[in-house]
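To keep things clear, I will list the structure first and then write my remarks on it.
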Amino acid sequence: MKKITIYTDGACSGNPGPGGYGAVLIYGSHRKEFSGYEAETTNNRMEISAVLVALEALKEPCAVELYSDSRYVVDAIEKGWAIRWRQNGWMRNKKEAALNTDLWERMLGLLEKHKVTFHWVKGHAGHPENERCDQLAREAIAGAQ
């Protein structure tokens, strides 16, 4: 399996509001950057979207070290929340529906294909790749407005 490192970030101008995401994929000496925009979205949707775009770019099953500054994304996978939400009919508990189920469904499918280890990094703390992802996300927002 190829070993890939992925960094992701999402941003929103207002929450909800215009949003963007950025992702950096690194494989050996190769590097690819992705960014995108949505006119009306939330920060959490952009955080998940960054991960999805990066994983969907992989053409074959890979071993991935994925870094995100989103506790929501990292915890939902690492603590098994997303799997439990799906098992419970996309309910967080007996009264609250899970949010972003369309994106989580895609994510869980990709995690069956790839071996992904999630890592949380503190945002806006000077980590070069996290800062680059933030820049890509903010540029996507600015460029679309």
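Structure summary
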{"read-out": "In Å, descending, principal axis extents of the Cα set of the stretch 26-109", "value": "48, 31, 21"}
{"read-out": "Charge tally in the Cβ shell below 12 Å around V73, where Lys, Arg are +1 and Asp, Glu are -1, V73 excluded", "value": "-2"}
{"read-out": "Coil-residue trypsin sites (Lys or Arg not before Pro) of the stretch 77-145, DSSP, other Cβ within 10 Å capped at 14", "value": "K79, R92, K94, K95, K122"}
{"read-out": "Whole-angstrom gap from the stretch 106-145 to the stretch 53-101, using each part's C-alpha centre", "value": "14 Å"}
{"read-out": "Positive minus negative residues near E60 (Lys, Arg vs Asp, Glu; Cβ under 11 Å)", "value": "+3"}
{"read-out": "Given (i) 24, 19, 14; (ii) 24, 20, 17; (iii) 23, 20, 13, the label whose value is semi-axes √(5λ) of the Cα gyration tensor in Å derived from this model", "value": "(iii)"}
{"read-out": "Low-density loop cleavage sites - GluC sites (Glu not before Pro) in the stretch 40-115, where at most 12 other Cβ are within 10 Å (DSSP)", "value": "E96"}
{"read-out": "Average accessible surface area per residue within the stretch 1-114, 1.4 Å rolling probe, Å²", "value": "51 Å²"}
{"read-out": "Net charge, M1 excluded, C-beta distance under 13 Å - Lys, Arg +1, Asp, Glu -1", "value": "+3"}
{"read-out": "Size of electric dipole in the chain: Cβ of Lys, Arg +1 and of Asp, Glu -1, about Cα centre, debye, nearest 20", "value": "500 debye"}
{"read-out": "Structure-based [θ]222 nm, the chain - -39500 (n - 2.57) summed over DSSP H runs of at least 4, per residue, nearest 500", "value": "-12500 deg cm²/dmol"}
{"read-out": "FRET efficiency, 1/(1 + (r/R0)^6) with R0 35 Å, evaluated for W90 and R31 via beta carbons", "value": "0.45"}
{"read-out": "Size of electric dipole in the stretch 80-135: Cβ of Lys, Arg +1 and of Asp, Glu -1, about Cα centre, debye, nearest 20", "value": "320 debye"}
{"read-out": "Highest-fluctuation residue, L55, L110, L25 considered, GNM on the chain with Cα pairs under 10 Å", "value": "L110"}
{"read-out": "Magnitude of the charge dipole, the stretch 51-90, Cβ model with Lys/Arg +1 and Asp/Glu -1, debye to 20", "value": "240 debye"}
{"read-out": "For V116, distant residues with modelled amide H under 5 Å away", "value": "V64"}
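The values are calculated or read from the model by the stated rules, or taken from the named source; none is laboratory data. The model shown is predicted, which means the values in this text are computed figures rather than measured ones. Backbone-built Cβ (ideal geometry, glycine too); neighbour counts: all protein chains shown. Areas reflect the complete protein model, heavy atoms only, side chains present, ligands, DNA and RNA absent. Shrake-Rupley method; radii C 1.70, N 1.55, O 1.52, S 1.80 Å.
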